[in-house]
Amino acid sequence: MSKQKFLLKRKSLLITIALLLLAGGSLITWLKLREKPVEITTEKVFVKEVVHVITATGKIEPELVVAMSPDVSGEIIELPVKDGQNVQKGDLLFKIQPDLYINQVEQSLAQLNAAKSQSLETASRKLKAEDDFRKATLLYKEKLISESDYIIAKTNAEAARATFQSSLYGIKQNKSMLVQNQDRMKKTIVRAPINGSIIALNSKPGERVVGTGQFPGTEVLRLANLDSMRVEVEVNENDIVNVKVGNPVAITADAYGDRIFRGVVHEISNSAIVKAAGSQEEVTNFSVKIRILNHDRLLKPGMSATADIESVRVKDALVVPIQSVTVRGGALPEKEEKNGVTIASISKVSDSQQGVFVVTSGKVSFRPVTTGTTDNTHIIVTSGVKKGEEVVSGSYTAITSQLKEGSLVKQQKR
């Protein structure tokens, strides 16, 4: 009887175990079937020309601007130009009241003439003193005059020579003063030093202006050559290493919408422009001057502009969409050196491995990649994928968080 009960219990245990195994397998199968595929969009890896563009904003200005300030002070009596007027080199820009400077020239001329007359008088005295000294020398040799009379004659001759020489220096001094005053009088008339246009007119006839020879005086007007325009922008220190003189630039001005003006990088500053120094918001930029080629005098000084600088151009580059590249943790091969030879060893875990998700048979696998430069939409991939392979290009949430190694995927309809 006990043996029969034992067999019955054993049979029941085996049936229970079988049922549990059957239930576990069914649960696993059900869970697998229950896994929903992640909806994605894909794009094939392909080859294209990649142009890396650096975008910066700035102001349009003429390459050559001349601020016209007088060298002499006085009242403006003539101002025949208007704001925006074109002028040629040598045209009259403005004239300052010259009466004071004319009087100074006449005074200097009179002083020069007086110095010349005085020099003639001293020349006559020199000749007489030298003649007296010659006679005194003869008489002294004959012992007909005393030594003191001889010395007096000699001293008078030397003094006459010195007085005459001083008068010659006086003539030079007065000539220099005359030339200086004549130059100041000429500077009451200011003419255009270049061909250009008046871009700023700050004074009116009748106003008094201040002029000095050592420092800038009152700025009466500003003259610029509008045939040669440029835009000055600031480029971040991370991008400036890719900018070279001669790089082509596409320029758009706010005033002309989508119209593109062509230009080239003309000048790159070697000194940095640091903003918010010492704070977390510190930014280091470099000034880049871009010459505009086809402006046709449509652009005005002070207009806002955006410059797209073509810094790097790579032909036949293997690319994927920029958003396809993400970061995941994973294993990276570790290299070590033994006896001067670099060999591969076991992998180590990396917290930030760059790669893309490649789609194969409805599933994705994470593929580490090496990337290069970018354009507005795609990034160069130098290793990790091949032309024609499909990589996940969206959505952002799927790429950054939802997808994992081996995840089921379903392509969205476009």
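The values are calculated or read from the model by the stated rules, or taken from the named source; none is laboratory data. Quick caveat: nothing in here was measured; it's all calculated off a predicted structure. Positions of Cβ are generated from backbone atoms using ideal geometry, with glycine treated the same way; all protein chains shown enter the neighbour counts.
Looking at ASP296, ASP316, which one is surrounded by fewer than 19 Cβ atoms within 10 Å (Cβ to Cβ) and modelled with pLDDT under 90?
Values: ASP316 fails: modelled with pLDDT under 90.
None of the other options fit; the residue is ASP296.
I'd like to check which strands (runs of 3 or more DSSP E) are fully inside segment 53-109 and have at least 2 residues that are more than 14 Å from SER203 (Cβ to Cβ). Lay out the reasoning, then the answer.
Numbers: elements: 65-68, 74-78, 92-96.
Fully inside segment 53-109 and qualifying: 65-68.
For segment 232-242, check the following and say yes or no: at least one residue is assigned to a loop (DSSP other than H, G, I, E, B) and assigned by TED's automatic domain parsing to the domain that holds ILE273. Quick ask: steps written out before the conclusion?
Taking segment 232-242 as the starting set, the residues that turn out to be assigned to a loop (DSSP other than H, G, I, E, B) are 241-242.
When the remaining residues are screened for being assigned by TED's automatic domain parsing to the domain that holds ILE273, the result is 241-242.
Taking every residue of segment 232-242 in turn, at least one turns out to be assigned to a loop (DSSP other than H, G, I, E, B) and assigned by TED's automatic domain parsing to the domain that holds ILE273.
Which residues, taken from segment 129-148, are among the polar types (S, T, N, Q) and surrounded by 10 or more Cβ atoms within 10 Å (Cβ to Cβ)?
Residues of segment 129-148 that are among the polar types (S, T, N, Q), as a first pass: 137, 146, 148.
Scanning segment 129-148 gives THR137, SER146.
Do we find a residue being more than 40 Å from the chain's Cα centre (by Cα) and part of a helix (DSSP H, G or I) anywhere in segment 381-396?
Scanning segment 381-396 turns up no residue that is more than 40 Å from the chain's Cα centre (by Cα) and part of a helix (DSSP H, G or I).
Looking only at segment 228-266, which residues are surrounded by fewer than 14 Cβ atoms within 10 Å (Cβ to Cβ), touching a residue at least 12 places away in the same chain (Cβ under 8 Å) and of a type in the set (Asp, Glu)?
The answer is GLU237, ASP254.
Taking GLY406, is it in a loop (DSSP other than H, G, I, E, B) and assigned by TED's automatic domain parsing to the domain that holds LYS44?
Numbers: in a loop (DSSP other than H, G, I, E, B): yes; assigned by TED's automatic domain parsing to the domain that holds LYS44: yes.
Taking the combined requirement at face value, the residue satisfies it.
State yes or no: is LYS128 closer than 21 Å to LEU112 by Cβ and in a helix (DSSP H, G or I)?
Details: closer than 21 Å to LEU112 by Cβ: no; in a helix (DSSP H, G or I): yes.
No.
Cβ-Cβ under 8 Å, sequence separation 6+ or interchain: first residue in segment 125-148 and not assigned by TED's automatic domain parsing to the domain that holds PHE164, partner of a type in the set (Gly, Ala, Ser). Which pairs?
Partner pairs satisfying both residue conditions: none exist.
Please find, among SER176, SER146, SER166, the residue that is of a type in the set (Ser, Thr, Tyr) and under 30 Å from ILE76 (Cα atoms). Step through it out loud before you land on a result.
On the way: SER146 fails: under 30 Å from ILE76 (Cα atoms); SER166 fails: under 30 Å from ILE76 (Cα atoms).
After applying the criteria, what remains is SER176.
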